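Please treat every number below as a calculation from the coordinates, not as lab data. This structure is a prediction, so every number in the text was calculated from the model and none was measured. Ideal geometry is used to build each Cβ from the backbone, glycine not excepted, and the neighbour counts take in all protein chains shown.
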Amino acid sequence: MKTELVIAFSLFSLIAGISAGIIISVIYYPGWEISKLIKIQKKEGFSFGEWNHLKNLADHHLRVIVKPNCETLYSISFIQKKDGPYVLKMPAFDSYFSFAFLNRNTDVLGYITNRDAIENKDNTFIIYYNEKEIPDVKFRGIKLNSKICWIIGRFEIKRSEEIQKVNNIQDAICLIKLKDYLNDN
Amino acid sequence: MIAYGIILIFFIIGTGISIRYFGNLLDFLIENVSGNGIKNGPWKTHPGVGRKQTSRIEKAAIARIGLGANDSEETIYWNASVDNDGNDLRSENEYNIIFRSKPSVKYNEKGFWSITIYGNDKFLVPNPYNKYMLRHDENSKPGEDFQYSIFLSGNKPENPANWIPLPEDDERFSIAFRCYVPDDEMKTNAINNKLPSIIKV
C-alpha cells in the first residue's frame, strides 16, 4: 500500500475510532459509574445486600458523589436478582425518608418512602422480582426487573443535633433475604 | 500487513482517547447544550432524570453530574450558574436569593426544600464555617405570606442566620435548589413555577 494511502486510511481510522469510542461511552457510561461505586463498596468491605451507612452529612471532603446534598444522610446498598427477594425493615422515623431503587442505567425503578410507611411504627417492605417468588405476606412491596439494583436511602436531618438519632435509625434498618427472614420467623 | 496494523492501531488509539476523555466531552455538552431541560429564570432542571425513556446521551450526562438523583416524582433539582441578569455567578460578588412565594412542595407529606452552593468543580466548597446550605424554614407555615431571602457572600455578615459562604477564591459557582416531594404545580408546570430570584448585590 502506498504511504499516502496508509496515512489517509490511518486518519480515517482514527476518526472512526473516536466515533466508536463516543458511541460506546454514551451507551455504557452510566453503567461504568455504577460499577465504580460497586468496586468502592467492595473495597470498603460491603458485599451485595449490605448497607453502607454514611453517618455524617456531606461536606467538602466527600468527592465520590458529585453535587452531594447536605440535608439528608445516605445509606447505600446493592442487591442482585440472583439472591432472590429481600425484606426491608425500617424503624419508625418521623421525618422525610426515601429508598430509591435504580438499575445500572440509573433509571429509577421505584421508591419506598415515608408516604408508604405507617407513621410512628416499624415498617416492613418486600423487594421482589416475581409475584410467584413471594409467599402470602401482607407487606407492602416494590417489584424490580433489574439484575443489579442500587438502593439509595435518604434520611432527612433538620438540625445537626439529630444526626446521632438518625445514625441509630440507620443501624436499625434491616435488609435480609426473604428465605432467611422466613427461616427466622 | 504492516499498513493494516498501523490503521488498526490508529482505530484503537481513537477509541481509547474518546473513552478516556468522554467525561470532559460530557462536561462541555452540559455547559453548552441545554438538551431537553426546562428553564425558569436563572434556574434549569431536567425532567428526564431517572426516567427510562430519557435518551442515552442525557442519561450519561446525568450520571456525570447527578449520579443517583431521584426522578421528578420524588425530587426536583433546580440548578443555577447565572444570576437573574444572566451573568455568571462568581464568588467575588455578593448575591441575595429572594423567595416571594413558598416553594411548591407537599409540606403535609414531609416535603421540604434546600439551597446549596457548589464550587466550579461541582463539589461542596471548603469554608471555615462548614456551612454549605440552608434548608426549609420550619417556622413558616403553608399558606402564610412567604418572604424569605438568603445572602451569599465570601465574608461573614453581621447576621449570619440566612447566610451561605461563597468560595474564598474568585471562581464560578453554582446553586442547587432541591424540592423534595414537589407538589403537582411544580411537577406539571415547572416552567411557570414561582422560583426564587438571584440578585447581585
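I need the calculated FRET efficiency for the pair A:Arg63 and A:Glu131, taking r as the beta carbon distance and R₀ as 51 Å, to the nearest 0.05. Taking R0 as 51 Å, the efficiency between A:Arg63 and A:Glu131 is 0.75. Spacing of the modelled spin labels on A:Glu50 and A:Arg140, each 7 Å from Cα toward Cβ, amounts to 3.0 nm. Mean residue ellipticity at 222 nm, helices only, chain B: -7000 deg cm²/dmol; runs of at least 4 DSSP H residues each add -39,500 (n - 2.57), and the sum is divided by the number of residues. Here is the list for segment A:31-107: trypsin sites (Lys or Arg not before Pro) lying in DSSP coil, each with at most 12 other C-beta atoms within 10 angstrom of its C-beta, are A:Arg63.
Counted over segment B:34-200 with a bin width of 10 Å, the fraction of Cα pairs per bin, in whole percents, is 10, 39, 37, 14, 1.
Pick from B:Pro47, B:Pro157, B:Pro103: which residue has the top mean-square fluctuation in a GNM of chain B where Cα pairs under 10 Å get a spring? Looking only at B:Pro47, B:Pro157, B:Pro103, the largest GNM fluctuation is found for B:Pro157. Between B:Asn120, B:Asn79, B:Asn189, the Gaussian network model of chain B with springs among Cα atoms under 10 angstrom shows the greatest mean-square fluctuation at B:Asn189.
I want to verify a result. In a Gaussian network model of chain B, Cα cutoff 10 Å, which of these has the top mean-square fluctuation: B:Ile98, B:Ile57, B:Ile19? The residue that fluctuates most here is B:Ile19. Within segment B:98-201, list the trypsin sites (Lys or Arg not before Pro) lying in a DSSP loop whose Cβ has at most 14 other Cβ atoms in a 10 Å radius. Loop-located and lightly packed - B:Arg100. Considering all C-alpha pairs of segment A:1-143, those separated by over 23 Å amount to 54%. Evaluate E = 1/(1 + (r/R0)^6) for A:Ile7 and B:Tyr21, where r is the Cβ-Cβ distance and R0 equals 22 Å; express this FRET efficiency to the nearest 0.05. Efficiency for this residue pair is about 0.40.
Taking each residue as 0.36 nm, the span from B:Gln147 to B:Glu31 lengthens on full extension beyond its C-alpha to C-alpha distance by 38.6 nm. Our coupling estimate for segment A:102-115, obtained by passing each phi through the Karplus curve with A = 6.51, B = -1.76, C = 1.60 and θ = phi - 60°, is 10, 8, 5, 8, 6, 6, 7, 8, x, 9, 10, 10, 4, 6 Hz, Gly and Pro reported as x. Taking the Cα centre of the protein assembly as shown as reference, the dipole from Cβ charges on Lys and Arg (+1) and Asp and Glu (-1) amounts to some 1160 debye.
Helical runs assigned H by DSSP (4 residues or longer) give chain A a calculated mean residue ellipticity at 222 nm of -10500 deg cm²/dmol, each run adding -39500 (n - 2.57) before division by the residue total. Applying 1/(1 + (r/R0)^6) with r as the Cβ-Cβ distance of B:Asn84 and A:Lys42 and R0 = 56 angstrom yields a FRET efficiency of 0.75.
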